[in-house]
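Before any comments, here is the structure.
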Amino acid sequence: MTAPSERHTGTPMHIVCAADQNYIAHTATMLHSLWTAHPRVSIHVHFMHAPELPMALRQRLDGMVRKLGMTLHWVVVEDQLMAGLSGQGYIPPVVWYRIFMPRLLPDLDRVIYLDSDVLVVDSLLPLWQLDLADNYFAAVTNAVPDYFAHRAEELGLPGPGSYFNAGVAVWNLAALRGTAFIDEVLDCWHQHRDELRWLEQDILNRLYHQRRLPLHPRWNCQNGIYYGSWGVQLFAPNEVSEALETPAIIHFEGGVWAKPWHLLSPHPLRGLYWKHRRQTPWPKCLPEGITAINLVKKVLPMSWQQWIRRRLKR
């Protein structure tokens, strides 16, 4: 393990994340993976949170980050900024925090935003040093299941290849500050909220898909890539192979079952989550979704589950 004093070299890399108290342990896990992948790199973490985030949780995370030799900047998202904004289904309201980064991080020209349900397994320096030109974002196309294939066209995009996943993205904050970005996003929310399935991600794509620099899928290796969904057709075959063989960021996006901390997670790298989780201030916890039915699903192969269902229907 590299000592903290040996890691602070070069220009700092600025990472932004956001979470509520339900996800702070997952964020800690992500940050530990980030630290592990960057020996001798100076990392500044900007954690966006609501005013009511308990101080005890903040102190536990702050202690971990400082011990690892990274810098942690707490960014409070005041309640008035969130007025009228809400979550949806399994998507929490904190996803909206990122749209306020141009205002709340006035001294930064660019950042890498990482969702809490990711693991970093390779250096992000190539992303940090990427030439964004006049693009607002650099992000990977969303690898959605086939039943969402129509989503891009519904939002007015030319095709599914134009729709990007905002859970991992390089943000050009300097370019966004020269626009009415925040007001445009909020206006779109108020006018089209009933049409939005993925909240601010839908809006970012609807308004700015032409200002996105596409990235190789290894920079956001989503569940859709691991599970071989229809969405993998949006990438070249060699890109899919490279993403699976040498991912830089693993993204456990999707509903509750898709998370590595859920009992029924089928992800082949879910064990890596627990490896990093054990190195955080929240090392011990039971998987979510422990019910009698889910335990049966976990233990019995699918063929036996189907046989039992048929017998019960008789």
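Cβ-Cβ under 8 Å, sequence separation 6+ or interchain: first residue in the stretch 150-178 and outside any helix (DSSP H, G or I), partner modelled with pLDDT under 95 and of a type in the set (A, V, I, L, M). Which pairs? Listed by first residue and then by second, the contacts come to 158/152; 159/152; 163/144; 163/152; 163/155; 163/157; 165/143.
Scanning the stretch 206-222 for residues that are without any contact (Cβ under 8 Å) to a residue 60 or more places away in the chain and not charged (D, E, K, R) gives 207, 209, 210, 221. Looking at this structure, is residue 204 part of a helix (DSSP H, G or I), surrounded by fewer than 17 Cβ atoms within 10 Å (Cβ to Cβ) and in contact with a strand residue (DSSP E or B) (Cβ under 9 Å, 6 or more places away or on another chain)? Considered against the rule, which asks whether it is part of a helix (DSSP H, G or I), surrounded by fewer than 17 Cβ atoms within 10 Å (Cβ to Cβ) and in contact with a strand residue (DSSP E or B) (Cβ under 9 Å, 6 or more places away or on another chain), residue 204 comes out as no.
Applying the set (1) assigned to a loop (DSSP other than H, G, I, E, B); (2) within 28 Å of residue 22 (Cα to Cα); (3) in contact (Cβ under 8 Å) with a residue 12 or more places away in the chain to residue 86 leaves exactly one unmet item: (3). Residues of the stretch 57-78 that are within 15 Å of residue 103 (Cβ to Cβ) and charged (D, E, K, R): 78 alone. Residues in the stretch 2-22 that are at pLDDT below 50, among the small types (Gly, Ala, Ser) and either crowded, with 18+ Cβ neighbours inside 10 Å or in a loop (DSSP other than H, G, I, E, B) (or both): 3 only. If you go through the stretch 93-127 and keep only what is part of a helix (DSSP H, G or I), of a type in the set (Val, Ile, Thr) and over 11 Å from the mean Cα position of the chain (by Cα), you end up with 94, 99.
Counting only residues that are surrounded by fewer than 18 Cβ atoms within 10 Å (Cβ to Cβ) and of a type in the set (Phe, Trp, Tyr), the stretch 254-281 holds 2 of them. I'm checking my understanding of the structure. Among residues of the stretch 142-152 that are more than 26 Å from residue 101 (Cα to Cα) and in contact with a Gly (Cβ under 9 Å, 6 or more places away or on another chain), which one is surrounded by the most Cβ atoms within 10 Å (Cβ to Cβ)? Checking each candidate, the answer is 144. Of the conditions (1) within 19 Å of the chain's Cα centre (by Cα); (2) part of a loop (DSSP other than H, G, I, E, B), residue 135 satisfies every one except a single condition; which number is it? Result: residue 135 fails condition (1) only. Just one residue in the set 264, 295 is touching a helix residue (DSSP H, G or I) at 6+ places or on another chain (Cβ under 9 Å), at pLDDT below 90 and farther than 30 Å from residue 172 by Cβ; that residue is 264. Whenever a residue of the stretch 44-68 is touching a residue at least 24 places away in the same chain (Cβ under 8 Å), its partners that are buried (at least 19 other Cβ atoms within 10 Å of the Cβ) and of a type in the set (Ser, Thr, Tyr), lying with C-beta atoms within less than 7 angstrom and at least six residues away or across chains, give the pairs 48/97; 64/280. Considering the stretch 267-294, and only residues there that are part of a loop (DSSP other than H, G, I, E, B) and in contact (Cβ under 8 Å) with a residue 60 or more places away in the chain, the residue that is nearest to residue 252 (Cα to Cα) turns out to be 269. For the stretch 26-44, which residues satisfy the criterion of being assigned to a loop (DSSP other than H, G, I, E, B) and among the hydrophobic types (A, V, I, L, M, F, W, C)? Selection gives 37, 41. Please tell me if residue 124 is more than 23 Å from residue 181 (Cβ to Cβ), touching a His at 6+ places or on another chain (Cβ under 8 Å) and at pLDDT 95 or above. Considered against the rule, which asks whether it is more than 23 Å from residue 181 (Cβ to Cβ), touching a His at 6+ places or on another chain (Cβ under 8 Å) and at pLDDT 95 or above, residue 124 comes out as yes. Just one of the numbered conditions (1) farther than 24 Å from residue 99 by Cβ; (2) touching a His at 6+ places or on another chain (Cβ under 8 Å); (3) buried (at least 20 other Cβ atoms within 10 Å of the Cβ) is not true of residue 25: (2). Scanning the stretch 47-83 for residues that are assigned to a loop (DSSP other than H, G, I, E, B) and touching a His at 6+ places or on another chain (Cβ under 9 Å), we see that the one that is surrounded by the fewest Cβ atoms within 10 Å (Cβ to Cβ) is 69. Scanning the stretch 121-141 for residues that are surrounded by 18 or more Cβ atoms within 10 Å (Cβ to Cβ) and of a type in the set (Gly, Ala, Ser) yields 138, 139.
The values are calculated or read from the model by the stated rules, or taken from the named source; none is laboratory data. None of these values were measured; they are calculated from a predicted model. Backbone-built Cβ (ideal geometry, glycine too); neighbour counts: all protein chains shown.
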